[in-house]
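Working notes, structure below.
Only the coordinates and a few stated rules stand behind these numbers; no lab work does. Predicted model only: the values in this text are computed from it and were never measured. Please note: Cβ atoms are built from the backbone with ideal geometry, for glycine as well, and neighbour counts cover all protein chains shown.
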């Protein structure tokens, strides 16, 4: 009977260790991303993927000069920080934020 308990205990222990190891590996991947994902300059396909748009849409943004580019020969390169800034500049406020701003403006006008 005791031998049976030992094998069950070792099975539970190995299952927990395996599960914990997989969990920790996933967490580490999030905090230590692939260095390729952190390149400073991105090509058109990488930038479109980061923005979640098609390369042709990115090309249209280039034509309108809405997003900064770097030209190297015929190749368009995008600085990752410029792309992030572009994304952040197109943030839409939540309804709660808009209501808060409206209340702030109303109370400022009442004070005057």
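With neighbours defined as other Cβ atoms within 10 Å of a residue's Cβ, the residues 87, 106, 69 order from fewest to most as 106, 87, 69.
With neighbour counts taken as other beta-carbon atoms within 10 Å, the residues 39, 109 rank, fewest first, as 109, 39.
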